[in-house]
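The values are calculated or read from the model by the stated rules, or taken from the named source; none is laboratory data. Treat the numbers as computed from the prediction; the structure is a model and nothing was measured. Neighbour counts run over all protein chains shown; Cβ positions are idealised from the backbone, glycine included.
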Amino acid sequence: MTYEQIRDDAAKAVTELLEQTNLTAGDIFIIGCSSSEIKGSRIGKGSDIDAAKAVYDGVYPILKEKGIFLAAQCCEHLNRAVIVEKAALGRDAEIVNVVPQLHAGGSFAVTVYNNAEHPVAVEEIKADAGMDIGDTFIGMHLKKVAVPVRVSIKQIGEAHLTCARTRPKFIGGSRAMYDDALAGGEVQR
């Protein structure tokens with residue numbers, strides 16, 4: 001697997017995922033990315049900054065063009081903190097003081113941090129959609145109702161790929177009416 005293939009697969013996956021979401025400018029897209037898994041090693045055992053950069057180069061231009069903020073989930077050594085542009089956060093967001101490193105945060109978080117205009121770390125975020133590259137478990141950083149999204153790319157390099165979008169909760173029971181547009185067109189009646 002070449003770095004160009006990693007970049008191209010990441011770009012294709014994010015494009016297909018965005019086609020199945022209602023994301024708009026200002027929304028947050030989270031990526032958990034194990035460069036170790038991409039290269040065929042066990043998570044956390046073979047970090048590859050070039051593989052992380054290839055993923056970043058594939059997804060960031062697509063998200064930026066749509067005005068969607070990229071968030072990077074750090075590895076477990078930073079308790080899965082998130083690196084994101086400060087502009088993506090509300091006024092009351094509580095940032096934490098940490099700079100990701102290759103083996104404490106991970107290569108993708110380092111790449112996002114180093115390429116952001118004003119990067120900050122937060123302990124949690126509620127993203128609108130995301131990609132999990134290498135089983136990093138991004139679910140803790142998605143809004144409450146995550147919906148799996150199937151894309152044609154099943155792995156990036158050697159890493160398993162899963163994708164998700166979110167939707168607002170349905171409340172009110174059998175007498176309630178729902179807005180199909182908010183649900184992504186899949187309201188069950």
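Some values worked out for this structure:
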read-out: Residue satisfying all of: in the stretch 109-134; of a type in the set (Asp, Glu) and in contact with a helix residue (DSSP H, G or I) (Cβ under 7 Å, 6 or more places away or on another chain); modelled with the highest pLDDT among these; value: Asp132
read-out: Residue match in the stretch 60-81 (condition: in contact with a helix residue (DSSP H, G or I) (Cβ under 9 Å, 6 or more places away or on another chain), within 15 Å of Leu161 (Cβ to Cβ), surrounded by fewer than 24 Cβ atoms within 10 Å (Cβ to Cβ) and not hydroxyl-bearing (Ser, Thr, Tyr)); value: no
read-out: The stretch 46-87: number of residues that are over 15 Å from Glu123 (Cβ atoms), acidic (Asp, Glu) and modelled with pLDDT under 95; value: 1
read-out: Test: residue in the stretch 90-98 that is under 18 Å from Ala121 (Cα atoms) and among the polar types (S, T, N, Q); value: yes
read-out: Among the residues listed as Phe108, Phe170, the single one being among the hydrophobic types (A, V, I, L, M, F, W, C) and either assigned to a helix (DSSP H, G or I) or within 17 Å of Gln73 (Cα to Cα) (or both); value: Phe108
read-out: Filter result (over 14 Å from Asp132 (Cα atoms) and among the β-branched types (Val, Ile, Thr)) within the stretch 7-18; value: Thr15
read-out: Residue count for the stretch 125-146, restricted to those that are part of a loop (DSSP other than H, G, I, E, B) and exposed (fewer than 14 other Cβ atoms within 10 Å of the Cβ); value: 3
read-out: Only one of Gly90, Gly139, Gly106 that is at pLDDT below 95 and in contact with a Cys (Cβ under 6 Å, 6 or more places away or on another chain); value: Gly106
read-out: Of all residues in the stretch 82-105 being small (Gly, Ala, Ser) and in a helix (DSSP H, G or I), the one that is surrounded by the most Cβ atoms within 10 Å (Cβ to Cβ); value: Ala88
read-out: Subset of the stretch 1-60 [in a helix (DSSP H, G or I), among the hydroxyl-bearing types (Ser, Thr, Tyr) and within 30 Å of Asp179 (Cβ to Cβ)]; value: Thr15
read-out: Flag if Val120 is of a type in the set (A, V, I, L, M) and either within 26 Å of Asp50 (Cβ to Cβ) or surrounded by fewer than 13 Cβ atoms within 10 Å (Cβ to Cβ) (or both); value: yes
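So that you can scan it fast, the table gives a plain yes or no per residue for (1) in contact with a helix residue (DSSP H, G or I) (Cβ under 6 Å, 6 or more places away or on another chain); (2) touching a residue at least 60 places away in the same chain (Cβ under 8 Å); (3) closer than 13 Å to Ile153 by Cβ:
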| position | (1), (2), (3) |
| --- | --- |
| Asp9 | no, yes, yes |
| Ala13 | no, yes, yes |
| Glu16 | no, yes, yes |
| Ile28 | yes, yes, no |
| Cys33 | yes, yes, no |
| Ile38 | yes, yes, yes |
| Ile43 | yes, yes, no |
| Ala52 | yes, no, no |
| Tyr56 | yes, no, no |
